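Worksheet: one structure, shown below.
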Amino acid sequence: MIKLSAVYILAGLVFAAFAVLSALDRNNSRRFGNAAFWGLVALSFLAGDALGDLGNGVLVLGLAGIAGFGLLGRGQPATTSPEDRKALAERFGDRLCSSRPSPCPSSSLSGCWS
Amino acid sequence: MLTLLGVATVVVGFAVRLNPLLVVTLAAFVTGLAAGLTPIAVLEAFGKAFNDNRFVTAAYLVLPVIGVVERAGLQERARALIGRFRGVSVGPFLIGYLAFRQITSALGLTSIAGHAQSVRPMVAPMAEGAVEAQTGPLDEATRQDVRAMASATDNIGLFFGEDIFLAIGSILLMVGFLATSGIVIDPLHLSLWAIPTAIVAFVLHAARLLLFDRRLRRRGGA
């Protein structure tokens, strides 16, 4: 079974990538709020045990504050338009629903609990 | 007893329509302070609880997958699927939608449908159309009844279906909370035990929909 610690590192890296991509997204007026939020989440996953209780407490306050005071926003990424999506939906058909893999964290998590 | 002030904070905060995240954080602080902890101790309790339960957030690892699939037209596909049910009476149509919603939620596809994406633009008009085909033009009260039933179907399908999905936040939170109290449960067990409930919910609501269909037909005099 994949160990939970490996999942945490993967999650930390993925969320750090979200943070970096958010910071680079010039179409989003609130990109630094996004980057800060995901950065804190990534920090929690990568270094949560090393931060200690008080450190994690401050981290949680940071997360709640960023989200609660509306510092998060959405950019306009270059993506498919609704018409493009309709065409793609016809092309892929029901493979879209069945191709979605079973979520990786949960199977490793359930393994760790047993 | 004073710790129940936290509950009061939640109630007042939600009633005044403050941001829920801030309300909950404030309520947690109020509870901690009312329990006699110093503010620093409350912060430490926050931190410890957050760190112990952070695997709940790990479920968001699937976000990129959802993004890719939605970019390829997942919602449009769902719409096409629901649209195939044209020409069916309202009872069986909504039962079909209930089954679709429950099964996709059980697989984790909770955002494939919803009030904004499918009920308002598609399911409600199709349900209204199905009733009109049986009984002629609808009066306002009946129209609202049909719309309400379509929304209720979406709610019930989502709620009882998503508890079967392993990585849903509620299951993981239950597992984590029980673990901190010393009871170790496999998330798979919680998910499996959600299945009988989901089946019962499906049967009960399907019966309601069939009775609804019959009532509308009798009301319309067809």
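A short reminder: the numbers here are calculations on the coordinates, not readings from a lab. Predicted model only: the values in this text are computed from it and were never measured. Cβ placement follows ideal geometry from the backbone for every residue including glycine, while neighbour counts extend to all protein chains displayed.
Couple of notes before you dig in:
- Across all directions, the shadow cast by the convex hull of region B:15-126 built on its C-alpha atoms averages 10.7 square nanometres.
- Counts of other chain beta carbons within 10 angstrom of each beta carbon in peptide B:137-145 average 0.
- Whole-number Å³ per residue for the convex hull built on Cα positions in region B:92-215: 101 Å³
- From phi via Karplus (6.51, -1.76, 1.60), per-residue ³J(HN,Hα) for region A:18-33 in Hz, x at Gly/Pro: 4, 4, 5, 4, 5, 5, 8, 7, 6, 7, 9, 5, 10, 5, 6, x
- Descending semi-axes in Å of the protein assembly as shown, equivalent ellipsoid built from Cα gyration tensor: 40, 25, 21
- With 10 Å bins beginning at zero, the pair-distance distribution over Cα atoms of region A:1-62 amounts to 25, 43, 26, 6, 0 %.
- Taken over chain B, the alpha-carbon convex hull comes to 164 cubic angstrom per residue.
- Average beta carbon contacts from partner chains per residue of B:12-24, 10 Å cutoff: 2
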